[in-house]
Amino acid sequence: MSLSVEHTIKIGAAASPTDFTTRVAGYTVNQQLTWMAPSSFTATITLHNFDGALTPAEAGGTGTYSTVDWFAQAVFISATVNSTDTGEIFHGLITDFRLVDDGVTSTVTITAVDHLSIAGRGPTEFPGTVSGSVSMFDGTEELLEKMLGYTVDTLPLLGASTGVAVDVKDRTSTTTSPLVDLTPVLLEPRTIADALRNMLMPSGLCLLWADRITGTATTTTYVTSFVGPALERVTTTPATYYTARTFEFVPTPAAGQLAATSLDVGYNDRQRINWASITSASTTNTREHVNTAAVNQYGVQAFTASSSLNYNDDTYTAGGTTYLGSDATAAQLANRFSSTAWTPRRLTTTVAALSDLPAGSSDELAGLFDMAGGLWQRCNITYTPTGGSSTTSRCMIMGRTIQATPGRCTITLELVPADDFQPFILGDATYGVLGRSRLAI
């Protein structure tokens, strides 16, 4: 039995969006994770408008949707595999509505972005509402939840009668968290995007991206996924697409495995960092680490942060937990990511390859489609290069592009080497193999 994939596109209020699937001529979703900065996602959807139902009243339209305020709507794109497993590909807010109409043929192109991109435009007044004398938080996630709590004033209601809520989902363990300091935020007003990019996220290795938008009649909830300094997903209970998993890509898939149509294999020069400079907002000291040998060999590739919220410059130990300071974070960047590796950089799989998968791969494919389950997950890719022998590469999914039209779907994954971006996991059949070259956090 082969797999079937059904795409659904809905637009409207969070609690009760309208199904526009039958009007869809195609869509493209681009979701690239950004290292130590908020990630930005976009979706472009082309809709048939042969009946004129989407033509705005301002353009002379009188159809069903002629008076819709498109910029107050959300977009929900999902894929259901074998009518049983559904992956939520993209949730976002409309930022552009374009009508192409020559009097005979009419289409509408809608562009949407993730909710973090919208919320990031607003100011953050976080320190002004901290109760008592609290000035430090144990870990980026806790501060992140509180900082993003102020995005409720920057995000639309999407049909909710009462208000907006935010929810941060930590996909990783909380070990080796930074001890972040709130006091420096008072130094100058910032937008939420600027505070996240230049102050909070550079306090320790982490990733952040917009996840689901859910809603009831009274409240719309915006969910954000966070990967903390350990960089290792943890298994949640109950298991969902949020949980840790390893996708297996092989030439001839068995149940639970996936197939790759093509691979771009090369050196991961784009992820290399050999010079890191992080300035603490609290101490105003700059801690800089340079991998001199790597700079002399390849030239400089630098990461800088001008106002990190690290509690201090050095590592700080309390209660048996070691917290990252700006010096430790800079050292990890310069030492951990200064070399190159031969690795799959991009993997593409198409609807033909997907439909030929065994029925037992339904959950894996739905998980790959899902915005929480298909990003920052491990994957093992087995392939045989021309004139070479079979090899298996260990990767992390750093981004993806999904393109779909009737009868065709292509998933392109952007990959980074898992050995660089994972802590040492003793006992794991793939990632806990002794003798590998890797640096632990």
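Here are the numbers:
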{"quantity": "GNM result for the chain, Cα springs below 10 Å: residue of V100, V234, V164 fluctuating most strongly", "calculated": "V100"}
{"quantity": "The stretch 306-365 and the stretch 249-301: distance between their alpha carbon centers, rounded to Å", "calculated": "9"}
{"quantity": "Length-normalised contact order of the chain in % [C-alpha pairs under 8 Å, at least 6 apart]", "calculated": "17"}
{"quantity": "For D313, solvent-accessible area (1.4 Å; no DNA, RNA or ligand), Å²", "calculated": "20"}
{"quantity": "Per residue solvent-accessible surface (Å²) - the stretch 251-374, probe of 1.4 Å", "calculated": "41"}
{"quantity": "Rounded percent of accessible protein surface that carbon and sulfur make up, the stretch 1-123, 1.4 Å probe", "calculated": "50"}
{"quantity": "Rel. contact order, % - alpha carbon contacts under 8 angstrom, at least six apart, the stretch 285-392", "calculated": "18"}
{"quantity": "Probe 1.4 Å - accessible area at W35, Å² to nearest ten", "calculated": "40"}
{"quantity": "The chain - convex hull of the alpha-carbon atoms, volume per residue in Å³", "calculated": "176"}
{"quantity": "For the chain, size of Cβ-based charge dipole, Lys and Arg +1, Asp and Glu -1, in debye", "calculated": "800"}
{"quantity": "Signed unit charges on C-beta, dipole axis of the stretch 318-378, positive-most listed residue T322, F337, W376", "calculated": "F337"}
{"quantity": "Euclidean distance between Cα centres, the stretch 8-59 to the stretch 198-220, Å", "calculated": "21"}
{"quantity": "Beta bridge orientation in the stretch 179-330: antiparallel %, DSSP, nearest 5", "calculated": "75"}
{"quantity": "Nearest-0.05 FRET efficiency for A217 and N335, computed from C-beta distance (R0 45 Å)", "calculated": "0.30"}
{"quantity": "L116 accessible area, 1.4 Å probe, all protein chains in place, Å² to nearest 10", "calculated": "20"}
{"quantity": "Antiparallel bridges, percent of DSSP beta bridges restricted to the chain (to nearest 5)", "calculated": "85"}
{"quantity": "Approximate spin-label separation A302-T84, in nm, with each point projected 7 Å along Cα-to-Cβ", "calculated": "5.5"}
{"quantity": "Along principal axes, Cα extents of the stretch 12-91, largest first, whole Å", "calculated": "46, 35, 24"}
{"quantity": "Along each principal axis, Cα extent of the stretch 308-420, largest first, Å", "calculated": "55, 35, 25"}
{"quantity": "Selected from T95, T240, T279 as most flexible by GNM, with the chain as the system and alpha-carbon contacts under 10 Å", "calculated": "T240"}
{"quantity": "Residue-normalised accessible area of the stretch 1-69, given per residue in Å² at a 1.4 Å probe", "calculated": "45"}
{"quantity": "Stretch gain in nm, segment T111-T292, where the contour uses 0.36 nm per residue and the Cα spacing is subtracted", "calculated": "60.7 nm"}
{"quantity": "Extension gain, N285 back to R270 (0.36 nm per residue minus Cα-Cα distance, nm)", "calculated": "2.6 nm"}
{"quantity": "List R171, R121, R287, ordered by accessible area with a 1.4 Å probe, largest first", "calculated": "R121, R287, R171"}
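The values are calculated or read from the model by the stated rules, or taken from the named source; none is laboratory data. Just so it is clear, the model here is predicted, and its values are computed rather than measured. Counting neighbours? That spans all protein chains shown, and the Cβs are built from the backbone with ideal geometry, glycine included. Side chains included, ligands, DNA and RNA excluded: accessible areas come from the protein's heavy atoms. Shrake-Rupley method; radii C 1.70, N 1.55, O 1.52, S 1.80 Å.
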